[in-house]
Amino acid sequence: MPAALRGFVAGKRNVWTTWSTWTTCRRRTQRASVVAAVADHCLAYFAIRILRRPRLQPPRLIAKDLGGLNGFEVGPDGMIYGPLWFKRSVVRVDPANGAVSVISASSDTPAAANLDGKGHVWVVDTANGEVAKVALDTGAKTVVATLATALDNLAIAPDGTVYVSNLADNSIQAINPADGSVRTLTRGKLAVPSGIKIDGNTMWVADVLAHRLVDLASGEVTDLKCMQTSDLEYPFALGLSSKRLALASWFTGTVQVINRASGKTETM
């Protein structure tokens with residue numbers, strides 16, 4: 001089942017939405033609604049007829065075991081453009097037959113891709129913070145800006161400005177495509193604070209997308225581990241002793257035991 005809405009792209013008559021554990025994109029037209037879904041590295045397609053009593057058509061599998069297709073976009077040519085998280089690639093998928101063609105294989109962990117209508121697909125890399133444009137015809141990659149890691153999605157405005165979201169620091173930043181200058185629209189000190197423990201003047205926080213410390217006197221926040229750049233596993237609850245701490249995640253069904261002195265994971 002879908003866990004959380006991750007993003008959407010709106011056009012004149014089309015809206016595509018993506019989900020975290022089950023990626024679903026929905027395109028509405030005057031006569032019909034088309035849906036593509038990504039679940040467990042599978043891409044499926046089915047149509048909903050718009051009648052007095054809409055009837056759901058059986059799903060048709062387009063492709064499977066793609067390698068982690070994540071935030072994608074459907075181009076004006078009808079092709080699906082997106083990143084393969086586990087294959088370090090940006091690809092084009094033909095929804096007619098599931099054929100996959102690699103546009104570029106020079107990313108670390110590409111999280112999302114959007115077309116700019118000028119012959120490029122823009123890609124955000126969650127592992128290294130790169131925001132890059134890739135030429136659709138040659139695959140040539142140009143890094144336009146480097147942000148903090150844990151990037152999640154992007155949207156391109158009509159004036160070409162690229163807006164990028166970050167999971168861990170709860171931010172949205174605007175990038176000028178001409179010179180790579182960055183402007184922060186909004187940012188939070190915490191992402192999704194959940195489990196907390198107090199030790200002296202310090203609060204330990206299981207922040208779901210990060211593990212952080214908060215100084216109770218000043219409110220200053222210190223990052224210990226962040227998703228995508230460490231072995232952190234979406235911590236929801238936290239236990240604390242004098243030498244160790246434990247982070248529990250129902251998302252991955254794990255308990256992570258960390259040495260407080262070294263910050264290293266002892267067991268998972």
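The values are calculated or read from the model by the stated rules, or taken from the named source; none is laboratory data. Just so it is clear, the model here is predicted, and its values are computed rather than measured. Here the Cβ positions follow ideal geometry from the backbone for every residue, glycine too, while neighbour counts run over all protein chains shown.
One table, with the values for the structure above:
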quantity	calculated
Meets criteria (touching a strand residue (DSSP E or B) at 6+ places or on another chain (Cβ under 7 Å), on the phi > 0 side of the Ramachandran plot and either surrounded by fewer than 17 Cβ atoms within 10 Å (Cβ to Cβ) or at pLDDT below 95 (or both)) for Gly68	yes
Residues (closer than 18 Å to Pro83 by Cβ and touching a Pro at 6+ places or on another chain (Cβ under 8 Å)) located in segment 148-172	Val162
Test: residue in segment 212-235 that is in contact with a Cys (Cβ under 7 Å, 6 or more places away or on another chain) and over 28 Å from Val162 (Cα atoms)	yes
Unique match (being surrounded by fewer than 14 Cβ atoms within 10 Å (Cβ to Cβ) and closer than 27 Å to Val124 by Cα) among Thr229, Thr184	Thr184
Number of the exception - Ser101 against (1) surrounded by fewer than 20 Cβ atoms within 10 Å (Cβ to Cβ); (2) at pLDDT below 95; (3) under 16 Å from Leu115 (Cβ atoms)	(2)
Residue in segment 115-131 that is over 26 Å from Asp179 (Cβ atoms) and more than 16 Å from the chain's Cα centre (by Cα) present	no
Residue check for Arg88: basic (Lys, Arg) and under 22 Å from Pro177 (Cβ atoms)	no
Segment 241-257, subset free of Cβ contacts under 8 Å to residues at least 24 places away in the same chain and assigned to a strand (DSSP E or B), residue farthest from Ser230 (Cα to Cα)	Arg244
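Quick grid of which residues meet (1) touching a Lys or Arg at 6+ places or on another chain (Cβ under 7 Å); (2) buried (at least 22 other Cβ atoms within 10 Å of the Cβ); (3) modelled with pLDDT of 55 or more:
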residue: Ala44; (1), (2), (3): yes, no, no
residue: Ala47; (1), (2), (3): no, no, no
residue: Pro58; (1), (2), (3): no, no, yes
residue: Pro76; (1), (2), (3): no, no, yes
residue: Asp108; (1), (2), (3): yes, no, yes
